[in-house]
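The values are calculated or read from the model by the stated rules, or taken from the named source; none is laboratory data. No experiment lies behind these values; they were computed from the predicted model shown. Positions of Cβ are generated from backbone atoms using ideal geometry, with glycine treated the same way; all protein chains shown enter the neighbour counts. These area figures cover heavy atoms from the full protein model, side chains too; ligands, DNA and RNA do not enter into them. Shrake-Rupley method; radii C 1.70, N 1.55, O 1.52, S 1.80 Å.
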Amino acid sequence: MAKQYKTIGDEAWKNSVEKVNAELFIFTYGSLVVQLLRDHEDCTAVNQQLDKLGYNIGVRLADDMFARTSLDRCSDIHATADVIAKIGFRMFLNTTPTVGLWSSDNEFSLLVEDNPLNDFCELPPRALGDGLWYSNVLCGVVRGALEMMHMQARVWFVRDVLRGDDTTEIRVRVERMLDEEVPAADE
């Protein structure tokens, strides 16, 4: 099944997604982070804003991913993790994280070898010391996408190459399954 997801992700990247110039995307994101730092001056608040922004993006990207790939609902958290890594990340960021470091049936890591948001970026010592997670928008994206798959999750960075680590690791813990709710007008 994992190979099937990789193939679906590759096909979606090649055929279904309108591409944007990578440098434009990276510099625009960098400008957004700089503006948030100017507006808030507190890296914790910037991290929260990036997560919130990412959450809203993730909700929409999950819908788009399922619409473009005609995937069925995932059967379990392992399949969901593979879909996020092999299809979602590939489809929208042209990178495929490795899913691993399972600590239980509901907690895993996404190991991102090539984070495109990190291109052309170097964090100043103050931002590092104050706890800025430059790509924290990705945590929000994963959290929003999981919620669209009826999973409430906590998502956070453990390591990042911009902070001097050897790899970028995003940790995901699914805290509970959400019930499907029918809108009041649809009963």
Checklist entry - ³J(HN,Hα) across the range 120-134 via Karplus (A = 6.51, B = -1.76, C = 1.60, θ = phi - 60°), whole Hz, x for Gly/Pro? => result 6, 10, 9, 7, x, x, 4, 5, 5, x, 8, x, 6, 9, 3
Checklist outcome for this item: Residues whose built amide H sits under 5 Å from the amide H of T168, excluding neighbours closer than 5 in sequence, are V112, V161
Next on the checklist: Averaging over every viewing direction, what projected area does the convex hull of the Cα atoms of the range 50-186 cover, in nm²?
Outcome noted: 9.2 nm²
Next on the checklist: Viscosity 0.890 mPa s, temperature 25 °C: what is the translational diffusion coefficient of the range 106-187 from Stokes-Einstein with a Kirkwood Rh over Cα pairs, rounded to a whole number of µm²/s?
Outcome noted: 171 µm²/s
Checklist outcome for this item: With the 1.4 Å probe rolled over protein heavy atoms, the range 89-187 has an accessible area per residue in Å² of 51 Å²
Next on the checklist: Modelling each spin label as a point 7 Å along the Cα-to-Cβ direction, I'd like the A45/M177 distance in nm, to one decimal.
Outcome noted: 4.1 nm
Next on the checklist: With equal scatterers on the alpha carbons only and no solvent term, can you work out the Debye log10 of I(q)/I(0) for the range 38-83 at 0.18, 0.31 1/Å?
Outcome noted: -0.68, -1.06
Item to check | Solvent-free Debye scattering, log10 I(q)/I(0), computed from the Cα coordinates of the range 58-117 at q = 0.19 Å⁻¹ | outcome: -0.72
Next on the checklist: Taking 0.36 nm per residue of sequence separation and subtracting the Cα-Cα distance, how much length would be gained by fully extending the chain between R38 and L101, in nm to one decimal?
Outcome noted: 19.1 nm
Checklist outcome for this item: Counting only protein heavy atoms and leaving out ligands, DNA and RNA, the solvent-accessible surface of T80 at a 1.4 Å probe, in Å² to the nearest 10, equals 0 Å²
Item to check | Accessible-area order (highest first, 1.4 angstrom probe) of the listed residues T95, T28 | outcome: T28, T95
Next on the checklist: Solvent-accessible area of K86, probe 1.4 Å, all protein chains present, reported in Å² to the nearest ten, please.
Outcome noted: 40 Å²
